[in-house]
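Quick notes on the structure that follows.
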Amino acid sequence: MSRALVLVLAALAVALAAAPGAALAAAPKVDLIDVEDEVMCVDCGIPLNTAEGAQPDSMRALIRDLIAQGHTKAQIKQELVAQYGEDVLALPETEGVGITAYAIPLVLGAIVVATLVLLVPRWRRRPAAGMTSAGDEITGAPASPDSARELSEADAARLDEDLARYDGR
Amino acid sequence: MKRLIAPILAAVVALGLVGLLAYGLMSKAEDDSIEQAVARGDFPPAPSAALPVLGADATQSVAALRGKVVVLNFWASWCVPCRTEAPILERAHKRLTASGAGTVLGVTYNDSAPASLRFADQTGMSFPSVRDVGTKLAERYGTNRIPETFVIDRAGRVVDVFRGQIDQAFIDRALAKARA
């Protein structure tokens, strides 16, 4: 009985000792570089990781403070929005000219789809009118006896002549 | 006619994109309409927005200060000239509050609240400041570099502007104009 109790207590002690480590492993470690490349320097309008100057340095100082306080990346970005506004996130504005950043890819996508819908059937029809099959183009051999294109006598004679000249070299 | 549809559509799309680019560039251009109006003597109404007061659970706006002279100053903790001109603003604030004529109202620009509070403490700033998160109010004043100072009369009109670090002469001249 006492042995079982000792075993249970030992297991509990091991579990308690491992708990902080497990918690740390569960929370992804954040560093400045992780956050810097996902936010903007609000004063210069470029990504923070490429910005230099007093304002971006003050943003970095805030991020370092938040990291030191144990905030996650999501919490840090949330706090940056609270301090500097939505512009700090590297996302286009949802009003004014910024909305075109969302609209233009949609419009261009629609144009590409419409163009493909119109042109693909034409491209598919074109080879059928020009030649009997893809096999003709590659090998020169007829795809089937019915579709064979025979040389005229004159062409056959000219071909023989050319081949003979070639062989005679 | 069918053959023309594709080139016409392409031209329309290209023109649209060029127009959009032009609009984008123009909308980012500097807005100096306030100082132009002030220079003409047409004192424009001061843009206003209710913004959170730095370090307090309250809001403040230029409109709420109608009837008083307001020295509106855009500043940030990371701005070196802001630190240099802070004593001039502090003196102006003491003069205005002592006479009951008005106040200096700071507006923080692209600055975090903890950094702004530290700066206010270090410079001995006793005048209130509001936090313009997202710089929406700054945009309405055409502010994109700091420090910038706007002097507003009792009727809520901008009577003088200074984009850059102010000196005592500017404040004296602008306050005389605002109190006239």
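Which trypsin sites (Lys or Arg not before Pro) from the stretch B:10-101 combine a DSSP loop assignment with at most 15 other Cβ atoms within 10 Å?
Working: sites: B:28, B:40, B:66, B:68, B:83, B:91, B:94, B:95; in loops: B:28, B:66, B:68.
Answer by residue number: B:28, B:66.
So if we plug the beta-carbon distance of residue B:53 and residue A:50 into 1/(1 + (r/R0)^6) with R0 = 45 Å, what FRET efficiency do we get, rounded to 0.05?
So the FRET efficiency works out to roughly 0.85.
Using Cα-Cα distances under 8 Å and only pairs 6 or more residues apart, what relative contact order does chain B have, in percent?
Reported as a whole number, the value is 27 percent.
Using the beta-carbon distance between residue B:167 and residue A:117 and R0 = 56 Å, what value does 1/(1 + (r/R0)^6) give for FRET efficiency, to the nearest 0.05? Intermediate values should be presented prior to the final figure.
Numbers: r = 68 Å, r/R0 = 1.21.
Result of the calculation: an efficiency of 0.25.
If you take every residue apart from residue B:102 with its C-beta less than 10 Å away from the C-beta of residue B:102, what net charge results, scoring Lys and Arg +1 and Asp and Glu -1?
Net of charged neighbours comes to +3.
Tally Lys/Arg at +1 and Asp/Glu at -1 over every other residue whose Cβ is under 11 Å from the Cβ of residue A:72; what's the total?
For residues surrounding residue A:72, the net value is +1.
Rounded to the nearest 0.05, what FRET efficiency do residue B:97 and residue B:33 give with R0 = 30 Å and r taken as the Cβ-Cβ distance? Could you check?
FRET efficiency, residue B:97 to residue B:33: 0.45.
Kindly identify chain B as rounded, prolate or oblate by the Cα gyration tensor criterion: order the square roots of the eigenvalues as a ≥ b ≥ c, call it rounded if a/c is under 1.5, otherwise compare a/b with b/c, prolate if a/b is larger, else oblate.
Taking the square roots of the gyration eigenvalues as a ≥ b ≥ c, chain B is prolate.
So in the stretch B:33-179, what percent of DSSP beta bridges are antiparallel if you round to the nearest 5?
60
Order B:165-176, A:76-87 from most to least packed using the mean count of other Cβ atoms within 10 Å.
Sorting B:165-176, A:76-87 by mean packing, highest first, produces A:76-87, B:165-176.
Compute the distance in nm between two label points, each set 7 Å from the Cα along the Cα-to-Cβ direction, one at residue B:42 and one at residue A:102.
Here the modelled spin labels are 3.6 nm apart.
For every other residue with a beta carbon closer than 15 angstrom to the beta carbon of residue B:166, add +1 if it is Lys or Arg and -1 if Asp or Glu, then tell me the sum.
In short, 0.
For the pair residue B:90/residue A:164, report the inter-label distance in nm, with labels modelled 7 Å from Cα in the Cβ direction.
11.2
Every number in this text was worked out from the coordinates using simple rules, so none of it is lab data. The model shown is predicted, which means the values in this text are computed figures rather than measured ones. Because the Cβ atoms are built from the backbone with ideal geometry, glycine has one as well, and the counts that use them run over all protein chains shown.
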